[in-house]
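Please read the structure below before turning to the comments.
The values are calculated or read from the model by the stated rules, or taken from the named source; none is laboratory data. Quick caveat, the model's predicted, so the values are computed rather than measured. Note: ideal-geometry Cβ built from the backbone for every residue, glycine included; neighbour counts use all protein chains shown. Ligands, DNA and RNA are excluded from the accessible area calculation, which covers all protein heavy atoms including side chains. Shrake-Rupley method; radii C 1.70, N 1.55, O 1.52, S 1.80 Å.
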Amino acid sequence: MRRGVLLVVMTLIAAVVPGLPVRASGPPVPTSVGDACQPDPSVQGPQVLHCRYGPLTVTPGANMILFGPVSIESPRADGFITSFSPNLVDATTGQVPPVHVVHLHHGVWLNASQTGTTPFFATGEEKTRSIIPPGYGYRTRPDDAWVLNYMLHNLTPNPFTVFIRYDLTWVPPSTPGIKEVVPVWLDAVGHKSFAKSIYPVYDPPKDGSGYTETFSADQDAEIVWVGGHVHPGGVRDELRSPTCGNKLLFTSEAVMNQGPPSFGSWDYRMTVTPPDWRFTVKRGDQISVTGYYDNAHPWYEAMAIMFAWAHPLTPEEMANPPTPACSSPPTTGQVTDAPYAPENNPQPVFGGDGEHPLGTPPASAATTNVLIAGFNYYPGGGTGQPSGVHAGDTVTFTNADASASIFHTVTSCANPCNGLWGQKYPLATWLSPTDLGDSGQLGFGPPAATAATQRVSWSFTVPTDAPVGEVFTYFCRIHPVMRGSLEVVAP
């Protein structure tokens, strides 16, 4: 690869597409002046470029990791990117869809001709914008070949057609005093094994302790920008320096868009470093990443990733480093977008609070089988009528939607489990006599690229001492509009 990277780590895509070619067939990539993604050479100052990938059809319930063509839109010119702002746009309305309807669960951009298999930008449902501090920029060249790895999450039974849009601020190479930065990818899980490099998830410790991984710098550099990524349920990522006595360098916090913290929803953003944040590392220095999750509820498929920009330092610069060794940068930061993202508002598009009065009507006749089909549970689903069950019986749930590559879960939640699914997203409950537990994602898919359990059925045994009238409520973690309940009835 032509440009060095700061840290030697495996990445989300490396094991899937080894030896990515610089050029390959695929949708044509525009290069002419006037294209929205191409800079105008007659303009000497900053330009805002509007790039996009698509249109993409998002099938009902989609939750799969996919890859774009080998080459997607990029600025085919010498210059520097100083900001990167991604989002998802509905191809029909031109608007950003609500996050609880369809969203870009993650997008990872790679530059195969420069950084090889190290991502140079990534975002998730938190829609982080990377605004590189003034005076720094990420280099672009005419022969760049950008690659996109993405997951579009459709929480509904309806199809959508969307574009992945990414707006760039670009400046020409003649910009006075600009310094080049290279990407730093710190994935606490993904580098550990072939499988984890594709879908780098883990189960958070139940005691609330963090999951930590340590990396070693492969060159002298000044880190100038850092942001974190967690999955729903994540509280924060911490960046520390074991070389400097485990000094806390930065905390990227999950900030809920509305109301008090409720770490189960997609309605959150991550804080990033302020513009004056800087930290110098020497070759061999250690940096660690720790992810923390809300331990009041059981979480799985967690991520702990921090992405950074760093300016490689020459020996002359290291003789008089920009910041002293082990200096203390600001440990808290800022949210990089508007105070509130309206598309993240948990609008009642499927109804309102209490639309699932689970456990209120009389239970149906007793059954030992619940079918999951058409984004509902039969019986015991969206009508609000619980499925009758007998104490001691084993109830088997079967995902009929799996034939369409749609995963569903049966996940215990607190009764009545009938709120909205934005800020009031149901929270899973710990195992207890009144909890079903969690089925995992019922369905089939590549083991390294999905969390599929490779089965369509899961069983729950009703406690033998469960009294008549006891109600067990549950929902689908992937499609939270789906709610269901079981009620113990007399033999």
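Sort 78-88, 54-64 by the packing proxy (mean of other Cβ within 10 Å over each peptide's residues), most packed first.
Numbers: 78-88: 21.2, 54-64: 18.9.
Highest to lowest by the protection proxy: 78-88, 54-64.
Annotation: amide H-H contacts under 5 Å for Val102 (H modelled 1.01 Å from N, sequence separation of 5 or more, or interchain): Leu155.
Counting only protein heavy atoms and a 1.4 Å probe, region 46-187 has 28 square angstrom of accessible area per residue. Heavy-atom accessible surface of Asp285, to the nearest 10 Å², is about 20 Å², with a 1.4 Å probe and all protein chains retained. Couplings for region 227-243, taken from phi via the Karplus curve 6.51 cos²θ - 1.76 cosθ + 1.60 with θ = phi - 60°, read x, x, 9, 9, 8, x, x, x, 9, 5, 10, 10, 10, 10, 10, x, 4 Hz in order; Gly and Pro are left as x.
Extension gain for Gln44-Thr394 works out to 118.9 nm (0.36 nm per residue, less the C-alpha to C-alpha distance). For region 32-95, with all protein chains in place and a probe radius of 1.4 Å, 55% of the accessible heavy-atom surface sits on carbon or sulfur.
Modelled spin labels at Gln454 and Gln334, positioned 7 Å past Cα toward Cβ, are 4.8 nm from each other. By the rule of a C-alpha distance below 17 Å, with chain neighbours fewer than 8 residues away ignored, the aspartates and glutamates paired with Lys179 are Asp78, Asp220, Glu222, Asp276, Glu316, Glu317.
If only the Cβ of Lys and Arg carry +1 and only the Cβ of Asp and Glu carry -1, the dipole of region 125-166 around its Cα centre is close to 140 debye.
Accessible surface area normalised per residue over region 433-478 is 39 Å², counting heavy atoms of protein chains with a 1.4 Å rolling probe.
Computed from backbone phi with θ = phi - 60° and the Karplus coefficients 6.51, -1.76 and 1.60, the 3J(HN,Hα) list for region 279-289 is 8, 9, 10, 9, 3, x, 5, 9, 10, 10, 10 Hz; x is used for glycine and proline. Probing with 1.4 Å while keeping every protein chain in the model, the per residue accessible area of region 226-339 equals 37 Å².
Mind giving me the FRET efficiency for Met256 and Asp143? R0 is 51 Å, r the Cβ-Cβ distance, nearest 0.05 is fine.
Working from the Cβ atoms, E equals 0.75.
Amide H contacts of Phe80: Thr140, Val171, each under 5 Å away and 5 or more positions distant or on a separate chain (H built 1.01 Å from N in the peptide plane; Pro and chain starts excluded).
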